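Visitor: Would you mind keeping the following structure in view while I ask a few things?
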Amino acid sequence: MNKPVDHVLHHIGGRYKEAQSGRFKDVFNPATGAVQKQVALASVEEVDDAVATAQEAFGEWRAASLAVRTKVLFGFRELVHQHRDDIARLLTLEHGKVLSDAHGEVQRGLENIEYACGVAQLMKGELSENVSTRVDSYSIRQPLGVCAGITPFNFPAMVPMWMYPLAIACGNTFVLKPSERDPSVTNFCAELMYKAGLPDGVLNVVHGDKVAVDRLLEHPDVAAVSFVGSTPIAQYVYETGTKHGKRVQALGGAKNHMVVLPDADMDLAADSAVGAGYGSAGERCMAISVLVCVGNAADKLLPKIQDRIAKLKVGNGLEADSEMGPLITKEHRDRVAGFVEAGKGDGATVLVDGRSLKVQGHDDGFFLGPCLIDHVKPSMSVYTEEIFGPVLSVVRTETYDEAMQLIDECPYGNGTAIFTNDGGAARKFQHDVPVGMVGINVPIPVPMSYYSFGGWKQSLFGDLHIYGPDGVRFYTQNKVVISRWPDPRFRGVDLGFPQSK
Ligand code: NAD
């Protein structure tokens, strides 16, 4: 008899709830192609249950002292650290990324939890004594209420950790709707939050699809929504959420350019392009997908990149020597491969074609080898579309200005990088480029947890970036108090507009 498939259930009010909707979706192991679990897809009623639970918990949690909240966050940090191997393994099993990369994801998530541990410092307001005679004024930051997070498949541990630790540290309660493609790690981490002493109902996980997302966007008791995912859905979430009166930050897709000037250190540029282009099989919003080679840079750089690609080990992420794993689903792998064919049809030169790759013993895995495409033009779909796979396009330009024009005209503005040894050129690039996160000889400039993360243009809808100082601003609202204590010298009716005296 076949073993029954495990179900990934909603985690509401600190415990698992039997799925009510009767709707489930397969969760694959991308390295083998096998279905390993089924995730419950929430109904409107199940989302309502999670929001009501979070709303009920809010009253006490907002009143919990900073000391109590901080203690939970420190406990959570310790548990995530203790269980980092388990979390990394879960990531590899459902996402496919190799274990070393999964460990990197856990580490960056931990840094966000550590930042949230400092909430006592972060929530400090300001006070001015004697704004008028014997009158003081001060500002305090208060939580919003129930906050929701909707997250993508590509960082199933870290991206939620950009959201709920800080939101909860600020005194909010939280409903998280993770990606339905790799959902298990979210439940594992929610369990750790409760082990760390979180009161029931402060963090709730509902799994699901558009039904769950739409309900969260419309629910009157959801105060704020943080979204990370593709641009069309980010725009939809922003427009629908704000229409329903919510504070929304919605981070979208990307097409990140790495400009290589002829004077660059070509070995560093080659190492960086390969790492940032093919790491996590290109399924990173900060992946480099376009190499813009200025002048004769391509002739020096491309042979070095080809050498490095030839040595890359693609395989099951659980195997210690694998450097690149499979893509998330078969459909996505086929879509990415389709862009390579389209590029070829449009006249680009496919220098390395990963479509023929076979991974021994993994015939049904969703693998695609690294692809390198030269002589790409801005009109080709391989250039215009976010591919989200191991495909690196090379555009050759004569000048720096042409390179800058490409980035200027790109609808996305998430990350970018310049490789050069010319400080003046780097300084000019940093000043001019219309992109939210910039690397100088650094290919993936993901900000530390004590800065904030966010792109420009269609890579982010909303005002505030995510996590870090902007995260505190997003998850709190400012209140200003003006206070005086009665003094017999200052009495009498005054209908004039209040003025400082
Ligand atoms: P996605 O947009 O398909 O899904 C993101 C979330 O939205 C998931 O929880 C999903 O269930 C939900 N969703 C999907 N379709 C929906 C619909 N029609 N209506 C309502 N909700 C819907 O993204 P993905 O494929 O999971 O992730 C990859 C994308 O995320 C890429 O575009 C990548 O660039 C982007 N991303 C961006 C950042 C960033 O910080 N800017 C970070 C990671 C990933």
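Visitor: Within the stretch 408-418, is even one residue of a type in the set (S, T, N, Q) and closer than 30 Å to residue 242 by Cβ? Lay out the reasoning, then the answer.
Guide: Of all residues in the stretch 408-418, those of a type in the set (S, T, N, Q) come to 414, 416.
This time we only want the ones that are closer than 30 Å to residue 242 by Cβ, so: 414, 416.
Scanning the stretch 408-418, I find at least one residue that is of a type in the set (S, T, N, Q) and closer than 30 Å to residue 242 by Cβ, so the answer is yes.
Visitor: Looking only at the stretch 365-389, count how many residues are polar (S, T, N, Q) and assigned to a loop (DSSP other than H, G, I, E, B).
Guide: Of the residues in that region, 1 qualify.
Visitor: Which of (1) of a type in the set (Gly, Ala, Ser); (2) in the same structural domain as residue 301 (by TED's automatic domain parsing); (3) within 16 Å of the ligand (Cβ to nearest atom) is the odd one out, the single condition residue 471 does not satisfy?
Guide: That leaves (2) as the condition not met.
Visitor: Next question, about the same structure. Need at least 2 residues that are closer than 27 Å to residue 122 by Cβ per element, so show me which strands (runs of 3 or more DSSP E) inside the stretch 390-466 make the cut, counting only ones lying wholly within it. Spell out how you get there, then give the answer.
Guide: Values: elements: 391-397, 415-419, 437-440.
So the answer is 437-440.
Visitor: Between 46, 56, which is charged (D, E, K, R), within 22 Å of residue 208 (Cβ to Cβ) and surrounded by fewer than 17 Cβ atoms within 10 Å (Cβ to Cβ)?
Guide: None of the other options fit; the residue is 56.
Visitor: Hey, can you tell me all the residues within the stretch 327-363 that are within 16 Å of the ligand (Cβ to nearest atom) and either in a loop (DSSP other than H, G, I, E, B) or not assigned by TED's automatic domain parsing to the domain that holds residue 314 (or both)?
Guide: Hits for the stretch 327-363 are 327, 328, 329.
Visitor: Does residue 419 qualify as being over 18 Å from the mean Cα position of the chain (by Cα) and surrounded by 14 or more Cβ atoms within 10 Å (Cβ to Cβ)? Let's see the steps before the verdict.
Guide: Values: over 18 Å from the mean Cα position of the chain (by Cα): yes; surrounded by 14 or more Cβ atoms within 10 Å (Cβ to Cβ): yes.
The answer is yes for residue 419.
Visitor: Please state which one of 211, 225, 202 is within 9 Å of the ligand (Cβ to nearest atom) and either closer than 27 Å to residue 412 by Cβ or over 19 Å from the mean Cα position of the chain (by Cα) (or both).
Guide: After ruling out the rest, the residue left standing is 211.
Visitor: Among 476, 416, which is in contact with a strand residue (DSSP E or B) (Cβ under 8 Å, 6 or more places away or on another chain), of a type in the set (S, T, N, Q) and within 16 Å of the ligand (Cβ to nearest atom)?
Guide: 416
Visitor: Sticking with this one: Mind telling me which of the residues 129, 111 ends up being more than 22 Å from residue 214 (Cα to Cα) and either within 16 Å of the ligand (Cβ to nearest atom) or outside the structural domain of residue 14 (by TED's automatic domain parsing) (or both)?
Guide: Answer to the selection: 111.
Visitor: Is it fair to say residue 208 is outside the structural domain of residue 388 (by TED's automatic domain parsing), under 24 Å from residue 47 (Cα atoms) and surrounded by fewer than 23 Cβ atoms within 10 Å (Cβ to Cβ)?
Guide: Working: outside the structural domain of residue 388 (by TED's automatic domain parsing): yes; under 24 Å from residue 47 (Cα atoms): yes; surrounded by fewer than 23 Cβ atoms within 10 Å (Cβ to Cβ): no.
No: the conditions fail for residue 208.
Visitor: Check off (1) touching a strand residue (DSSP E or B) at 6+ places or on another chain (Cβ under 8 Å); (2) under 24 Å from residue 391 (Cα atoms) for residue 238 and give me the number that stays unchecked.
Guide: Looking at each condition in turn, residue 238 falls short on (2).
Visitor: OK, next. Counting just the residues of the stretch 259-286 that are hydrophobic (A, V, I, L, M, F, W, C) and part of a helix (DSSP H, G or I), which one comes out farthest from the ligand (Cβ to nearest atom)?
Guide: 266
Visitor: While we're on this one: Residue check: is residue 429 away from the ligand (no atom under 16 Å from the Cβ), in contact (Cβ under 8 Å) with a residue 40 or more places away in the chain and either among the hydroxyl-bearing types (Ser, Thr, Tyr) or surrounded by 19 or more Cβ atoms within 10 Å (Cβ to Cβ) (or both)?
Guide: Judged against the criteria, residue 429 is a match.
Visitor: Hey, among 157, 116, 148, which residue is buried (at least 23 other Cβ atoms within 10 Å of the Cβ), touching a residue at least 40 places away in the same chain (Cβ under 8 Å) and more than 30 Å from residue 19 (Cβ to Cβ)?
Guide: When all the criteria are applied, what remains is 116.
Visitor: Taking residue 250, is it outside any loop (DSSP other than H, G, I, E, B), within 14 Å of the ligand (Cβ to nearest atom) and of a type in the set (Gly, Ala, Ser)?
Guide: Against the criterion (outside any loop (DSSP other than H, G, I, E, B), within 14 Å of the ligand (Cβ to nearest atom) and of a type in the set (Gly, Ala, Ser)), residue 250 qualifies.
Visitor: Which residues, taken from the stretch 354-385, are in contact with a Ser or Thr (Cβ under 7 Å, 6 or more places away or on another chain), closer than 30 Å to residue 294 by Cβ and charged (D, E, K, R)?
Guide: 374
The values are calculated or read from the model by the stated rules, or taken from the named source; none is laboratory data. Not measured: the values here are computed from a predicted model. Here the Cβ is made from the backbone with ideal geometry for all residues, glycine too, and neighbour counts use every protein chain on show.
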